[in-house]
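Asks: Input: one structure, supplied below.
We did not get these values from a lab; they are worked out from the coordinates using the rules stated. Only a predicted model underlies this, so the values are computations on that prediction, with no experimental measurement involved. Don't worry about glycine lacking a Cβ; one is built from the backbone with ideal geometry, like all the others, and counts go over all protein chains shown.
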Amino acid sequence: MNLEEIKDLIKLVSKSGIGKIEIENEGFKIAIENGASFSEQPVYVQAAAPVALPQASAPAVAPVAPVTTTESSEEARYITVKSPMIGTLYRTPGPDKDAFVSVGSVIQAGDKLCIIEAMKTFNEIESEVSGKIVKVLVDNASPVDYDQPLFLVDPA
């Protein structure tokens, strides 16, 4: 397989809904993964000779009407504090302790909001904004993903 064929495969994966493609030939194996994939199932191809892959068109996506509610417009003025890492979120410093913050708490930049445990390391998450906590979006001792919303803060 030459460089141009590999480039064509990359274009095919990026334009189609294919999430991952793996091609294996005698002593040669290549895997191409699309980060913004539409499909979670990888496509496996095993070839004894060079294979011409068909050009796939991007899946049609029906337009979605925007949903407008008074709650979403009201929440738009709030600042969302997001998780800086993957791990387990703890809202309290210990099992018998009170939560760092709760709804109605007034916070300053630098105040501790929670702890996220990642790989046996406890990381204190500090606020980057000042304001009032209006909504807690994650339960205590629950797993969180990177960039997952944790708190809504009213900066006023």
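Asks: Are there trypsin sites (Lys or Arg not before Pro) in region 88-134 that DSSP marks as loop and that have at most 13 other Cβ atoms within 10 Å, and which are they? Mind dumping the intermediate values first?
Replies: Working: sites: 91, 97, 112, 120, 132; in loops: 91, 97, 120.
Passing sites in region 88-134 are 97, 120.
Asks: Tell me, what ³J(HN,Hα) does each residue in region 114-130 have, in order and in whole Hz, if you take phi through Karplus 6.51 cos²θ - 1.76 cosθ + 1.60 with θ = phi - 60° and put x for Gly and Pro?
Replies: Working through the residues one at a time gives 6, 10, 10, 8, 9, 6, 6, 10, 9, 9, 7, 9, 9, 6, 9, 10, 9 Hz.
Asks: Using modelled amide H (1.01 Å from N, peptide plane; none on Pro or chain starts), what sits under 5 Å from the amide H of residue 86, excluding residues fewer than 5 places away?
Replies: Sorted by chain and number, the residues that satisfy this are 146.
Asks: Which far-off residues, 5 or more places away or on another chain, put their amide H under 5 Å from the one on residue 123, with H placed in the peptide plane?
Replies: 116, 117, 118
Asks: How would 28, 151 line up from fewest to most surrounding beta-carbon atoms within 10 angstrom?
Replies: Details: 28 9, 151 27.
Lowest to highest Cβ neighbour count: 28, 151.
Asks: Turning to a different aspect of this structure: Sort 154, 139, 147 so the one with the fewest other Cβ atoms within 10 Å of its own Cβ comes first.
Replies: Values: 154 15, 139 8, 147 11.
If I rank by nearby Cβ atoms, fewest first, I get 139, 147, 154.
Asks: For residue 151, enumerate residues with amide H under 5 Å from its amide H, sequence gap 5+ or separate chain, H modeled in the peptide plane.
Replies: Those qualifying (amide H under 5 Å, at least 5 residues apart or on another chain) are 81, 137.
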